[in-house]
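The values are calculated or read from the model by the stated rules, or taken from the named source; none is laboratory data. Predicted model, so just to flag it, every value in this text is computed and none were measured. Glycine gets a Cβ as well: all are built from the backbone with ideal geometry, and neighbour counts include every protein chain shown.
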């Protein structure tokens, strides 16, 4: 589920503060890593990039639509995957190999021929397939520096952080237990003091 | 600052276990600092685990899992809450969220019904609600850590929690 409706699952990050003129610069930076369609004629299996929050097929960013009235920057990570399932590819390669053997009066194809056939079939099947499209909502509160990625997938998070840092040249830190304390105003001294605290055993009563 | 996730994972498990104790101890309300009293109910699914490298877990699925004998037994053998589905009442708004103790990751957060009109306002409203939900969880966690970091404030809570775990009812 995304941010717009239904239940919401997400991971939290903290970004370094932004400087003046961020909105205009962010539009250019997002455009520089904008989503581009996967080329079915190539070998690429996955492509990703940024798209507008309100349109998964648009990557022209404008400060007036990028930032909400409350000062949140909204955009989406679009990931397209075009993979021919191994079982499907095998079935088509077997069929093509049988047809060729029959036509040429042979019992079986040589390994090299099969490899070439496999590559040809993969190319043909890719041209007949639609990529799987996946969208991940991103919300960046530029006042607090909090970034929410609306997904809890670790693999998506890894790719998201990498692309985010490359795009904005800003480091992104995942929010964990200690970061929550820091974000909510606990002093570094108090947080460091937790190093001396040991885990409790509530089920053991001291006599 | 030591940000080792493993080192402080126990704090998250103790936090959710304390939240269970505190809610039961105070008739379903937990003090949320600036946010006032928060209604806290554990619902649907509750997972308790031991800490350390070899984890042993128990998952209880019930309308009120915190009242299930299986959950009580898990506490008595040394397990603490690792994941919980929380129903949180903040004023007249009710939130639901599944929380992972070690990361405080929010999953399947159900927000109160929207009042705004138009897509951009609806998004802003949902973001404001998420902000409030985060503030509630964060403030409850900060409140717990403030108690936990000082032996003077923690000692009576520890003893009360031990009695609760072993004897099975909050005093």
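The number of residues in the range A:85-107 being in contact with a helix residue (DSSP H, G or I) (Cβ under 6 Å, 6 or more places away or on another chain) and not in a helix (DSSP H, G or I) comes to 0. Looking at the range A:180-203, can you tell me whether even one residue there is touching a strand residue (DSSP E or B) at 6+ places or on another chain (Cβ under 7 Å), crowded, with 17+ Cβ neighbours inside 10 Å and outside any helix (DSSP H, G or I)? Among the residues of the range A:180-203, not one is touching a strand residue (DSSP E or B) at 6+ places or on another chain (Cβ under 7 Å), crowded, with 17+ Cβ neighbours inside 10 Å and outside any helix (DSSP H, G or I), which makes the answer no. State whether one or more residues within the range A:44-59 are within 23 Å of residue A:157 (Cα to Cα), at pLDDT below 90, in contact with a helix residue (DSSP H, G or I) (Cβ under 8 Å, 6 or more places away or on another chain) and crowded, with 17+ Cβ neighbours inside 10 Å. No: zero hits. The residue of the range B:25-59 that is nearest to residue B:162 (Cα to Cα), among those that are within 14 Å of chain A (Cβ to nearest Cβ) and in contact (Cβ under 8 Å) with a residue 60 or more places away in the chain, is B:25. The condition (being closer than 30 Å to residue A:183 by Cα, away from chain B (no Cβ under 14 Å) and at pLDDT below 95) is satisfied by just one residue among A:70, A:64, A:155: A:155. Just to be sure before I move on: is residue A:166 touching a helix residue (DSSP H, G or I) at 6+ places or on another chain (Cβ under 8 Å), away from chain B (no Cβ under 14 Å) and either modelled with pLDDT of 95 or more or on the phi < 0 side of the Ramachandran plot (or both) in the structure I sent? Judged against the criteria, residue A:166 is not a match. Taken together, B:113, B:165 contain a single residue that is more than 25 Å from residue A:179 (Cα to Cα), within 7 Å of chain A (Cβ to nearest Cβ) and at pLDDT below 90, which is B:165. Scanning the range B:60-99 for residues that are within 11 Å of chain A (Cβ to nearest Cβ) and over 24 Å from residue A:199 (Cβ atoms) yields B:95, B:96, B:97. Name the single residue, out of those in the range A:61-84 being in contact with a helix residue (DSSP H, G or I) (Cβ under 7 Å, 6 or more places away or on another chain) and in a loop (DSSP other than H, G, I, E, B), that is farthest from residue A:147 (Cα to Cα). So, considering only residues that are in contact with a helix residue (DSSP H, G or I) (Cβ under 7 Å, 6 or more places away or on another chain) and in a loop (DSSP other than H, G, I, E, B), the one farthest from residue A:147 (Cα to Cα) is A:84. Picking from residues in the range A:108-134 that are touching a residue at least 40 places away in the same chain (Cβ under 8 Å) and in a helix (DSSP H, G or I), the one that is farthest from residue A:39 (Cα to Cα) is A:125. Here residue B:142 meets the list (1) more than 8 Å from every other protein chain (Cβ to nearest Cβ); (2) surrounded by 15 or more Cβ atoms within 10 Å (Cβ to Cβ); (3) in contact (Cβ under 8 Å) with a residue 24 or more places away in the chain almost entirely, failing just condition (1). Residues that are part of a loop (DSSP other than H, G, I, E, B) and within 14 Å of another protein chain (Cβ to nearest Cβ) within the range A:50-60 comprise A:53, A:54, listed in sequence order. Return yes when residue A:176 is at positive phi and facing chain B (nearest Cβ under 9 Å) and no when it is not. When the stated conditions are applied, residue A:176 does not pass them. Scanning the range A:10-49 for residues that are within 14 Å of chain B (Cβ to nearest Cβ) and either part of a loop (DSSP other than H, G, I, E, B) or closer than 17 Å to residue A:165 by Cβ (or both) gives A:11, A:12, A:13, A:14.
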